[in-house]
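Following: one structure in structure tokens, then a few remarks.
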Amino acid sequence: MSETLDDAATIARVAARLAAAERIAVITGAGISAESGLRTFRGATSAELPPDMQSLWKEFDPATLATPAAFARDPAMVSKWYDCRRLGCLAATPNPGHLALAALQRLMEAKGAGLTLLTQNVDRLHQRAGSRDVVELHGTIMDWRCTQTGQHLTPSDSAFEAYPPKSPFSTEGLLRPDVVWFGEMLPEAAVELAREAAASCDVFMSVGTSAVVYPAAGFLFEAKGNGAYTVEVNLEATPASTAVDASLRGSSSVLLPAILRAAFGEGALR
Ligand code: BV8
């Protein structure tokens, strides 16, 4: 994705804010993992992705799969869909967008400043890129839990043998992915950390999210309300685009490295 002149000027403005920041908060969505080959839920994806990797929800509707009712209605189908996605996440690798955010966290810590990374993603690619203390607002697909006892386990790298997978922790229980479904509360500790980050950051960046799922989409507005400089990096316009101080249109795997190089020099991504 080539940067137009106004992108270069906007990148320079965003870079200056990052370089001066004491506390940065970033929220990411499925878009940052799109170029790792993981399908997004809605909206456009990079044209480079093959057709069958375009938006995930074209084949599936969140209402029919990412809800407790869907799991209760058809636990075999929902657990198979999640297990298929889990294996896709394991096979994926972090892309330059993930790596840039991990580098930014190291650069902030090296100067005694801080970065809180909030993610709606369940793929753990941020952690595999080297980001630490990632706040998983919607849980993780890599862990599953017993529907009866709540005990967790991390399945092996291969598919479950049968669907729905039986729980080893109880006679009647099943295993479900440790993600937050629609209608379920987000983990209290994650929401608390997100609230604190939004309240205390100098810069809040929203990356690769359609900004339609709440309460995650609300943290940008909380940060704005607290006087933070707000930035959006996204392939297409979202409901947040008109609210932010700087909106960069393009791929996070191109724009995030460009912003870091502008803020901290060519060696920033090492
Ligand atoms: C809750 C499960 C209490 C895991 C998901 C107000 C307040 C509170 C709740 C609500 C509210 N209003 C409505 C609600 C209910 C609901 C909600 O928000 N509904 C929406 C749809 C209207 N929220 C909830 O139910 C939440 N629970 O609040 O409990 C409650 C309950 C009911 C009523 C009131 C209160 C739970 C929300 C979590 C749901 N679980 N998934 C999984 O399967 O993965 S949501 C699902 O959408 C994913 O988790 C995903 O993370 C999330 C958001 O999607 P995005 O990450 O933004 O991805 P998307 O595909 O949409 O967009 C990608 C973007 O990237 C696009 O714009 C694209 O252009 C861009 N892009 C693509 N490629 C690139 C790129 N950008 C840059 N570079 C690229 N290369």
Quarter of Cα convex hull surface for the range 152-270, i.e. mean projection, nm²: 10.9 nm²
If you roll a 1.4 Å probe over the heavy atoms of the protein chains, what accessible area per residue do you get for the chain, in Å²? 44 Å²
Low-density loop positions, trypsin sites (Lys or Arg not before Pro), the range 128-184 - DSSP coil, at most 16 other Cβ in 10 Å: Arg132
Largest-first principal axis extents, alpha carbons of the chain, Å: 59, 38, 33
If you build the Cα gyration tensor of the range 108-206 and take the root of 5 times each eigenvalue, what three semi-axes come out, in whole angstrom, biggest first? 32, 15, 10
Computed accessible area, Tyr214, all protein chains, 1.4 angstrom probe, square angstrom: 140 Å²
How big is the Cα convex hull of the range 100-157 in projection, averaged over all directions, in nm²? 4.9 nm²
Here the Kirkwood hydrodynamic radius of the range 167-231, Cα-based and in Å, equals 13.9 Å
Size of charge dipole - the range 147-212 - debye, nearest 20, with Cβ of Lys, Arg +1 and Asp, Glu -1, no other charges: 160 debye
How large a share of the accessible area of the range 126-169, in percent, is made up of carbon and sulfur atoms when the probe is 1.4 Å and the other protein chains stay in place? 46 percent
Just going by the charge dipole of the chain, with Lys and Arg at +1 and Asp and Glu at -1 on Cβ, which of Ala243, Ala129, Tyr214 is farthest out on the positive end? Ala129
The relative contact order of the chain, taking Cα pairs under 8 Å that sit 6 or more residues apart, comes to a percentage of 26 percent
Which Cα, out of Gln151, Phe41, Thr171, lies furthest along the positive dipole direction of the chain (beta carbon charges, K/R +1, D/E -1)? Gln151
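The values are calculated or read from the model by the stated rules, or taken from the named source; none is laboratory data. Everything numeric in this text was worked out from a predicted model, so none of it was measured. Virtual Cβ from ideal backbone geometry, glycine too; neighbours counted across all protein chains shown. Calculation scope for accessible area: heavy atoms of the full protein, side chains included, ligands and nucleic acids excluded. Shrake-Rupley method; radii C 1.70, N 1.55, O 1.52, S 1.80 Å.
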